[in-house]
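Since the structure comes first, as structure tokens, the remarks are kept for the end.
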Amino acid sequence: MPETELLTLLGVGFLLGLRHALDTDHLAAVSTVLAERPSLLASGAVGLWWGIGHTLTLLLVGSVVLAWGLHIPAQFEMAAEAGVALLLIILGGTLARKLYRERWHVHSHQHDGEQHVHFHSHQRQEGHGHRHWIVESIRPLCIGMAHGLAGSAALMLMILATTTDMTSGLLSILIFGIGSIIGMMMIGLTISIPVIYSRSLNQRLFRGVQGAASLASVSVGLWMLVTLARSATGN
């Protein structure tokens, strides 16, 4: 492939990677994870590890496709998309369950002969210890790998339409992956700002933001399942 065409392909791949990070299912998944870890450092790390997992899967699938000239069947693509949809529902449901367990409610009691009312939460108090960064990275890494698997078919079609050379193809996938990593880190930092701000203002507002992230994740997952079902039945 001529050098100019290769550079053009890599540039387009990088921009597509940045755009790819904005897909609805990606935003829903990362938002749900970030709602549980409201900090700028955590948001950057979540975006980084999501992108690494996403890129690793694409490189693995790309290596197999380019080496043996295989084509990813439509049934595999639909199954992978359904897996992502179920993952979104699980992520949203897990966050909703956590919010329910840590819910606020009113307690009434007698004190010095007077009736007192106060709010109480079942939120578990966290100690000063912090989980190792490897433990914190596993979840976004696995989510990114699932998304990479679901999106591999479309990317392989784009790569095979421009080149069948192993080196050029894998380099294109890598640049695409770098674009998606940078894009998701930027998105993570952007999403974390209202989450952190709501926590600093009011605990109830923070819980509301977390609830919205949970609902969005479940809704997107259900919408994906319905869309896939309609596509499978030809409706």
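The values are calculated or read from the model by the stated rules, or taken from the named source; none is laboratory data. Owing to the predicted nature of the structure, the values given are computational and were not obtained by experimental measurement. Glycine also receives a Cβ, built like all others from the backbone with ideal geometry; neighbour counts cover every protein chain displayed. Ligands, DNA and RNA are stripped out before the accessible areas are found, and what is left, the full protein with its side chains, is counted by its heavy atoms. Shrake-Rupley method; radii C 1.70, N 1.55, O 1.52, S 1.80 Å.
Tabulated values for the structure
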quantity	calculated
Selected residue [farther than 22 Å from L91 by Cβ, of a type in the set (S, T, Y), part of a helix (DSSP H, G or I) and open to solvent by less than 20 Å² (accessible area, probe 1.4 Å)] from S168, S217	S168
Residue list for the stretch 26-62, filter: open to solvent by 40 Å² or more (accessible area, probe 1.4 Å), out of contact with any Pro (no Cβ under 7 Å at 6 or more places or on another chain) and of a type outside the set (D, E)	L27, R37, S39, L40, L41, L48, I52, L56, L59, L60
Positions within the stretch 166-200 being more than 20 Å from M156 (Cβ to Cβ) and among the β-branched types (V, I, T), in sequence order	I182, I187, T190, I191, I193, V195, I196
Single condition V195 does not satisfy, out of (1) touching a Phe, Trp or Tyr at 6+ places or on another chain (Cβ under 8 Å); (2) surrounded by 14 or more Cβ atoms within 10 Å (Cβ to Cβ); (3) over 13 Å from T32 (Cβ atoms)	(3)
Among residues of the stretch 220-235, those that are over 22 Å from G188 (Cβ atoms) and open to solvent by less than 40 Å² (accessible area, probe 1.4 Å), counted	1
Qualifying positions in the stretch 26-55 - closer than 9 Å to P140 by Cβ, over 10 Å from the mean Cα position of the chain (by Cα) and of a type in the set (G, A, S)	A45, G53
Residues located in the stretch 142-165, provided they are part of a helix (DSSP H, G or I), open to solvent by 40 Å² or more (accessible area, probe 1.4 Å) and farther than 12 Å from H20 by Cα	C142, M145, L149, L157, M158, L160
Near pairs, Cβ below 9 angstrom, 6+ apart or cross-chain, from the stretch 221-235 (in contact (Cβ under 8 Å) with a residue 40 or more places away in the chain and in a loop (DSSP other than H, G, I, E, B)) to any residue that is surrounded by 12 or more Cβ atoms within 10 Å (Cβ to Cβ) and charged (D, E, K, R)	none
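One line per residue, one yes/no per condition, for (1) outside any helix (DSSP H, G or I); (2) closer than 25 Å to T233 by Cα; (3) hydrophobic (A, V, I, L, M, F, W, C):
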{"site": "W49", "(1), (2), (3)": "no, no, yes"}
{"site": "V65", "(1), (2), (3)": "no, no, yes"}
{"site": "L70", "(1), (2), (3)": "yes, no, yes"}
{"site": "A80", "(1), (2), (3)": "no, yes, yes"}
